[in-house]
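Following: one structure in structure tokens, then a few remarks.
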Amino acid sequence: MSDPLLRYRAEFPILEKTTYLISNSLGAMPRGVAGSLHQYAEMWATRGVRAWEEAWWGMALEIGNQIGALMNAPANSISLHQNVTQCQAAVASCFDFSGRRNKVVYTDMNFPSVMYFWEAQRSRGARVHMVPTDDGITVPLERLLAAIDEETLLVPISHVIFRSSFINDARAIVERAHQVGAHVVLDCFQSLGSGVHVDIAAWNVDFACGGVLKWLCGGPGTAYLYVRPDLAEKLEPTFIGWIAHENPFAFEVGRIRYAQPPYKFMNGTPNVAAMYAARPGLDIVSKIGERAIREKSIRLTSHIIQLADKRGWRVNAPRDAARRGGTVAVDMPYSQEVCAELLKRNILVDWRPKAGVRMSPHFYNKEEEIDAAFAAVEEILARMPAAVAG
């Protein structure tokens, strides 16, 4: 079967020598990143401090709008940060946890980094309610919705679960939160760019965040925060810095005068080099489009499940493609040891507790690469000493 997306393989040098099935952790680097970073270095070397007004100052808005277009966010509603924890810290800084409405609801399937942050907000008066999974794969929607009540302030939730690739029902969660006056912080790290549909405007999401280093192939150092425009106008974040000032170069003493959104939600000096690195991947993903990426993702992840089932290995991912993101975790025997051996063979995957070996094919992968990875697993298990392999 002809696969038009394979023409993009030439844009990713690492594919020449590796089987790259780890885009859920770090997307492959586009060839254009080297040139983009060279432009950054040349601008710094030749223009010096003038680079700020000539190029750098407006980059956060430019890159933010390019990301926003992928999620149907209004123009000028995305601020850039260095990681998702900082994004969620900016959101938390807008709210007071000392009143009756101080409950924070999320699930034990959230990414641990943000979980640590919200647990730490107990010192500010937050009451954290964590909804447990029943099977280690899915999030019990009815139980989650029931936990969101009139005392709930914020619902920081992963759109796609990092461990199992389960897709949460973002629309239903937002609707329930708004019924009781709460706000949703939707983490799109594992959805945006993977092909999973994201429509911030249609879902009326309050806040959304994520980063470019995974499915958007943008490298580390650039994360994004969406704030719904009506909220952006009235909220006053306290996790701020000079970039958030209305007149940053005046270096005024005392209380801040907020810049217009999205700069209002930024803090210190932005990571300019990371923004340069983010451009080529965003360009490619934008060009391909969500639908084409999603169609291929479903085909390849379904193929992984079929191969695992054929061998009797446990699949820790949703069977229903409509509820599954771009990753399939396979818990074959001695999966952690198998993962280590696969890495030695330049088959790049990762391993997570309670999941197994995570395989995350992207638009640049071939079905034959998945076949080869499974054949390698069989060979590794066959060669294991009896004492280890049982």
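The values are calculated or read from the model by the stated rules, or taken from the named source; none is laboratory data. Bear in mind the structure is a predicted one, so any value in this text is a computation, not a measurement. We place every Cβ from the backbone using ideal geometry, glycine too, and count neighbours over all the protein chains shown. For accessibility, only protein heavy atoms count, side chains too; no ligands or nucleic acids. Shrake-Rupley method; radii C 1.70, N 1.55, O 1.52, S 1.80 Å.
What the table shows:
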| read-out | value |
| --- | --- |
| Yes/no for M109 being open to solvent by less than 40 Å² (accessible area, probe 1.4 Å), farther than 25 Å from L231 by Cα and under 17 Å from the mean Cα position of the chain (by Cα) | yes |
| Contacts under 8 angstrom Cβ, first residue in region 335-356 being of a type in the set (F, W, Y), partner assigned to a strand (DSSP E or B), 6 or more apart | W351/V357; W351/R358 |
| Strands (runs of 3 or more DSSP E) (entirely within region 155-266) containing at least 3 residues that are among the small types (G, A, S) and within 22 Å of I63 (Cβ to Cβ) | 207-211 |
| Selection count where residues are surrounded by 16 or more Cβ atoms within 10 Å (Cβ to Cβ), among the hydrophobic types (A, V, I, L, M, F, W, C) and part of a helix (DSSP H, G or I), scope region 15-51 | 5 |
| Residue satisfying all of: in region 112-132; in contact with a Phe, Trp or Tyr (Cβ under 9 Å, 6 or more places away or on another chain) and assigned to a loop (DSSP other than H, G, I, E, B); most open to solvent (accessible area, probe 1.4 Å) among these | G125 |
| Any hit, region 33-45, residues being at pLDDT below 95 and more than 22 Å from M359 (Cα to Cα) | no |
| Odd one out for I157 among (1) open to solvent by 10 Å² or more (accessible area, probe 1.4 Å); (2) more than 30 Å from P13 (Cα to Cα); (3) not hydroxyl-bearing (S, T, Y) | (1) |
| Those residues of region 184-202 which are surrounded by fewer than 21 Cβ atoms within 10 Å (Cβ to Cβ) and under 19 Å from V139 (Cβ atoms), in sequence order | H197 |
| Condition met for R101 (more than 27 Å from Y263 (Cα to Cα), touching a strand residue (DSSP E or B) at 6+ places or on another chain (Cβ under 9 Å) and in a helix (DSSP H, G or I)) | no |
| Filter pass, I304 being in contact with a Phe, Trp or Tyr (Cβ under 6 Å, 6 or more places away or on another chain), touching a residue at least 60 places away in the same chain (Cβ under 8 Å) and among the aliphatic types (A, V, I, L, M) | no |
| Of all residues making up region 364-390, the number that are among the basic types (K, R) and part of a helix (DSSP H, G or I) | 1 |
| Hits in region 15-52 - residues which are free of Cβ contacts under 8 Å to residues at least 60 places away in the same chain and within 23 Å of I347 (Cβ to Cβ) | E16 |
| Residues of region 216-273 classified as touching an Asp or Glu at 6+ places or on another chain (Cβ under 7 Å), touching a residue at least 40 places away in the same chain (Cβ under 8 Å) and surrounded by fewer than 19 Cβ atoms within 10 Å (Cβ to Cβ), total | 1 |
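For every residue, the table says whether it meets (1) surrounded by 19 or more Cβ atoms within 10 Å (Cβ to Cβ); (2) at pLDDT 95 or above; (3) part of a helix (DSSP H, G or I).
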position	(1), (2), (3)
A317	yes, yes, no
A322	no, yes, yes
G326	yes, yes, no
V330	yes, yes, no
V338	yes, yes, yes
E341	no, yes, yes
K354	no, no, no
V357	yes, yes, no
H362	yes, yes, no
